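Asks: To start, I am sharing the structure in question, which I have written as structure tokens.
Please treat every number below as a calculation from the coordinates, not as lab data. As the structure is a computational prediction, the values presented were derived from the model and not from experiment. Note: ideal-geometry Cβ built from the backbone for every residue, glycine included; neighbour counts use all protein chains shown.
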Amino acid sequence: MEKIHSHISVHNSLAQDCILSGVFEEVNDELKELLRTGQIAPKPLLVCSGGTSSRCAANGHWTLDLRNSYQQINFDPVSKTIEFGAGNNMRSLLKNLAEFDRSFPTGLSTLPGIGYIITGGISPLSRSQGLAIDQVIEMQGIWGNGEAFKICKPNKSSSPEDQLIWRGLCGGAPFLGIITSLKLNTQPINSIEVWQTSLEKDELIELIQHAENWPNNISLQWIWGEKIKVFVVIAIDIYKNKKSLEQLKKDFQENKSIEISRIPGLHKMPDFRIENPCKQNHNKFHSEVISLLGPAWGLNSHHLIKSLTNLMSKRPNEGCFIAAQQLGGMSSQISRTSTSFIHRQAIWKPWITTSWEAGDQKAREQSLKWLEEVWMIFTPLCPGVHLAQMHQHLAWHQEETRRAFEEWLPDLQKLKSRYDPHGILPRL
Ligand SMILES: Cc1cc2nc3c(=O)[nH]c(=O)nc-3n(C[C@H](O)[C@H](O)[C@H](O)COP(=O)(O)OP(=O)(O)OC[C@H]3O[C@@H](n4cnc5c(N)ncnc54)[C@H](O)[C@@H]3O)c2cc1C
């Protein structure tokens, strides 16, 4: 039953502060009828799983909040798969799996919900385990046209239509339907070492170049705000070559103090973040994030980091920062044409976070402009976009969509016109 309440309580402060038309809490007959007849106004209907992005709610729009009604989690010890309701987040997924000595390549935070999985899902373990979307073997939900579906991962003998639909849903689901549950393959739980330290810019440039030659069980993450912090994640159990660990030590400056923690799995991973002084400030801040994708940077990382330095010195406030995570390995073994995550050759996913004091329109404009300027610096090396966050409300939505899906976009749009003919779900 829908509720006419005007707010939802979510992690994302911009979404949290929106005044909504109302909230649906389940996909009942009434909502299905509204989808079938296209009678939801205004469009789009927004969907909230983990509630961490700025587009799980918007002023004047309806949100379908899945968090109360889709809490099921069932692990099957025989197939080692898990059925996972769309109201859960990554923390509950990892916690549940750890009880069975299993795991899943979650991202750098366990707060996101299944939005993390259906938009691709880049984990610090993706180089050895693949993307989150690559673990999905079944999806259940409701198309934008109100019809229910349950679809399994196709094989070579599946019909072209099933292959097309699967491709659309894997990375493009938010445009086509509402996912209510997923069946996922799981991974054996592995010990992990996390190395954390702070670096100067020149050291970061060197480390980026070294990281591009690391084995697939090691990934580099870095975050650049007031300082530069790096976060190296090493999957220990598959770590066969001791020499590489010694080499890794050498890749850091000899005199660097590195904080090394050994943890039993991703469920115990320390937070990857920098202190954000804006959060200690009593005023509330809103933010937007864009995620980019690109191949190895090699010697170009020098020019890139130097070019970013100027804009980093002009950050609109301390809540604005740049970060990146490393891909490659297993995530590049899947063909470009089998999912909507086409940037399979990407090695780096940088993301840009910009923020402003809530309600200050001028500051918002300046912060968004800063984000666009940083994006322009990254574009030659990272021309792709990872649509982990959507921005239908911003001027560059079309540009980010084009860069996310490239030559696949026209076919994805055709799928949308069949499965979401009234444009109930976010615009593509
Ligand atoms: C602290 C933090 C760390 C992160 N780290 C990583 C990382 O390491 N790797 C990575 O790849 N990403 C990362 N992200 C990005 C995050 O995975 C995406 O923004 C993701 O979309 C958020 O998922 P959510 O369930 O919280 O989405 P929500 O904010 O609830 O929704 C996001 C969007 O997806 C759509 N959507 C959500 N659920 C459904 C559904 N069930 N059916 C159809 N559409 C739906 C909604 O319309 C909405 O537009 C991180 C985000 C945060 C906040």
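Asks: Which percent of Cα-Cα pairs in segment 192-407 sits in each 10 Å bin, short to long?
Replies: Calculated over all Cα pairs of segment 192-407, the distribution is 7, 31, 36, 21, 4, 0 percent.
Asks: Moving on. Can you give me the Rg/Rh ratio for the chain, using Cα atoms for both radii and the Kirkwood formula for Rh? Numbers along the way, then the final one.
Replies: Details: Rg = 21.1 Å, Rh = 22.2 Å.
My calculation of the ratio gives 0.95.
Asks: Okay, moving on. Can you pull the one-decimal nm distance between simple spin-label points at GLU226 and SER417, each 7 Å off the Cα toward Cβ?
Replies: Spacing of the two 7 Å Cα→Cβ label points: 5.3 nm.
Asks: How large is log10 I(q)/I(0) at q = 0.14, 0.16, 0.17, 0.21 Å⁻¹ when the Debye formula is applied to the Cα atoms of segment 1-150, each weighted equally and without solvent?
Replies: -0.72, -0.91, -1.01, -1.33
Asks: Let me ask another. Defining a contact as two alpha carbons under 8 Å apart and six or more residues distant in sequence, what relative contact order in percent does segment 73-189 show? The partial results should precede the final answer.
Replies: On the way: 205 pairs, mean separation 38.1, N = 117.
Normalised by residue count, the contact order of segment 73-189 is 33 percent.
Asks: About its Cα centre, what dipole magnitude does segment 73-189 give when the only charges are +1 on Lys and Arg Cβ and -1 on Asp and Glu Cβ, stated in debye to the nearest 20? If you can, show how the numbers build up before the last one.
Replies: Details: 10 positive and 9 negative charges, 51 e Å.
Charge dipole of segment 73-189: 240 debye, to the nearest 20.
Asks: Would you report the distance distribution of C-alpha pairs in segment 280-345 as whole percents per 10 angstrom bin, up to the bin with the largest distance?
Replies: 14, 35, 29, 19, 3
Asks: How many nm is it between the label spots at ILE258 and GLU83, if each spot is 7 Å from the Cα in line with the beta carbon?
Replies: 4.4 nm
Asks: What dipole magnitude, in Debye to the nearest 20, does the chain give about its Cα centre under +1 on Lys/Arg Cβ and -1 on Asp/Glu Cβ?
Replies: Dipole size: approximately 500 debye.
Asks: Determine the gain in length on full extension of the stretch GLU161-THR309; use 0.36 nm per residue of separation and subtract their C-alpha separation, reporting nm with one decimal.
Replies: Here the segment from GLU161 to THR309 would lengthen by 48.5 nm.
Asks: Related question: For segment 13-65, I need the span (max minus min coordinate) of the C-alpha atoms along each principal axis, in Å, sorted largest to smallest.
Replies: Sorted largest first, the three principal extents are 32, 20, 13 Å.
Asks: With each run of n ≥ 4 DSSP H residues scored as -39500 (n - 2.57), what mean residue ellipticity at 222 nm is computed for the chain after dividing by its residue count and rounding to the nearest 500 deg cm²/dmol? Present the calculation step by step, with values, prior to reporting the outcome.
Replies: Working: 13 runs with 123 residues, N = 428.
My calculation for the chain gives -8500 deg cm²/dmol from helical runs alone.
Asks: Next question, about the same structure. Using the Cα centre of segment 257-396 as origin and beta-carbon charges of +1 (Lys, Arg) and -1 (Asp, Glu), tell me which of PRO316, TRP370, SER338 is placed farthest towards the positive end of the dipole.
Replies: Value: SER338.
Asks: If you scale each eigenvalue of the Cα gyration tensor by 5 and take the root, what three semi-axes come out for segment 108-158, rounded to whole angstrom and sorted largest first?
Replies: Values: eigenvalues 115, 57, 8 Å².
Each semi-axis is √(5λ); the values are 24, 17, 6 Å.
Asks: I need the peptides 291-297, 17-23, 203-209 ranked by packing, meaning the mean over residues of other C-beta atoms within 10 angstrom, with the highest value on top. Write out the running numbers ahead of the final one.
Replies: Details: 291-297: 22.3, 17-23: 16.4, 203-209: 19.3.
Taking the mean over residues of other Cβ atoms within 10 Å, the ranking is 291-297, 203-209, 17-23.
Asks: Using the Cα atoms of segment 267-395, I'd like the radius of gyration and the largest Cα-Cα distance, Dmax, both in angstrom.
Replies: In Å, with Rg to one decimal and Dmax whole: 16.0, 48.
Asks: Here is a follow-up. Looking at segment 73-189, I'd like the Rg to Rh ratio, where Rg is from alpha-carbon atoms and Rh is Kirkwood's inverse mean 1/r.
Replies: On the way: Rg = 13.7 Å, Rh = 14.4 Å.
That ratio equals 0.95.
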